[in-house]
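Asks: Questions regarding the structure given below will be posed in turn.
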Amino acid sequence: MTTHVSDTAEATRSGAPPRLGLVLAVCCLAQFLVTLSAAVVNVALPAIQSSLHFSAGSLQWVVNAYTLTFAGFLLLGGRIADLYGRRRVFLAGIALFTLASLAGGLSGNAGTLVTARAAQGLAAAVIAPTTLAVLGTTFTDPHQRHKAFGAWGAVSGAGGAFGALAGGVLTEWLSWRWILFVNIPIGVVLFAGVAWVITELRHEGAGKRLDVPGALAVTVGLVVLVFGIVQSGPHGWGSARTLLPIVAGLLLLGAFLMIEKRVAAEPLMPLDIFRSGSVTAANVVAATSGAALFGMFYFLTLFLHQVRDYSPLRTGFAYLPLAVSIMIAAQFSAPLVRRVGARATLVAGMALTAGGLLWLTGVDEHSTFAGTLLGPTIVLGAGQGISMSASAIAGVAGVPPQRAGLASGLLNATRQLGGALGLAVLAAVATTRVKSLLDGAKPTAEALRHAYASGYSLVFGVAAGIAAVGVVAAFAAPGRPRSLRGSSAQA
């Protein structure tokens, strides 16, 4: 039976230097591309809606087509990389992502763009778990591994925040289509980097069966569930158009769990992985963190555009303090985990996230950036930077090498799943609030601004509650290892 071999070990046997810095750079660039593409569309949404004639209710599918396929196939992507070779699968994912970006940029209607975004999500589902798994098996020294995960967490958060800035610049100066075209040169450089730096690595053992039924059940279940939640906005929660897809989605997700427990010979998500308190806590934190961050990006962008009349460029620059805050905080996350443990670090990160969102509930139609938005976004960014890196460390802690792809894919999947479901729920909350304030009458411009501001304020409050669930879950993460306590005491 052949087991995983780290890139470092393989390089040592061949006499070549491990090139750890280059491996880290390639993996971080790939993760940056994935998170950038998840967020870059937000600022461009008004321009996309006008250009391709999306309805208000269908516009969120530009975001969710990506996040749902991303979340639904992440576990399968990690499994494929484990079995068939991370370098080979990495390259295939980058190629698909680049081609999908080209197709999306050339799209002439809403359906083509949504399909291209779904293809991007499928490719990202291969790329993201591979980056984290490669880092986990390449950096064998715990101190170096924590630093690598810290860098990965920093670019994960900053990719989302800088995506908003890039989206604003590209939409304002060129066209919304360039938010997709810009991925093409990045993809070409990344393809060359992976081909040059990453050595082949796969686990060969108990066969190469893929749990395709499980992947389809979880992905279709998520899509149908989100569709049902979205329907609650125009039709209400008691409507059959809302309840039927929600029930169908929940049944499919139940079927997924049954497949994993009783049917699949090699489950996509072996449920025993959740026996680890660290893995469970990290994934709950990732899900609530994703819901908070995705919701904030989507609705803060709409607030700036619809209520405060920000241009795409100005909206992008409004996210710059958030991006800087995420990057700075992420650099402190790994040292914090080493000093105080994952539990305290995750609690602090999610508490800051919840606090920033709660602060944002003070927005109204008269809010200014400096007076109302700057402080909360900095606090929120600090919380996200800390929790992203810490959850990446906790999510693979103690996981054997042959499950590295599974653990990293699971962590990314729960973050994207939390983001997609959170966005759908928050969109339904906002729509219901706005409709209740307008009450079917033809509103004035001022009344419309007030209704939107009130709806988005409520959304930020609900998102703060979701983040608070992450605070509670973080208490289940492991505390500071005794060995570290002793070493600190002696120092």
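Throughout, read-outs are computed from the coordinates displayed, never taken from laboratory work. None of these values were measured; they are calculated from a predicted model. So basically every Cβ, Gly included, is an ideal-geometry build from the backbone, and we count neighbours across all protein chains shown.
Asks: Kindly rank 23-36, 40-53, 364-377 from highest to lowest mean number of other beta carbons found within 10 Å of each residue.
Replies: Descending packing order for the listed peptides: 23-36, 40-53, 364-377.
Asks: Moving on to the next point. Could you order peptides 384-392, 120-128, 350-358 by the average number of other Cβ atoms within 10 Å of their residues, highest first?
Replies: 384-392, 120-128, 350-358
Asks: Rg to Rh for region 211-265: what is it, with Cα atoms only and Rh by Kirkwood?
Replies: Taking Rg over the Kirkwood Rh, I get 1.11.
Asks: Sort 464-471, 102-109, 171-178 by packing, meaning the average of other beta carbons within 10 Å per residue, with the highest value first.
Replies: Result, highest mean Cβ count within 10 Å first: 464-471, 171-178, 102-109.
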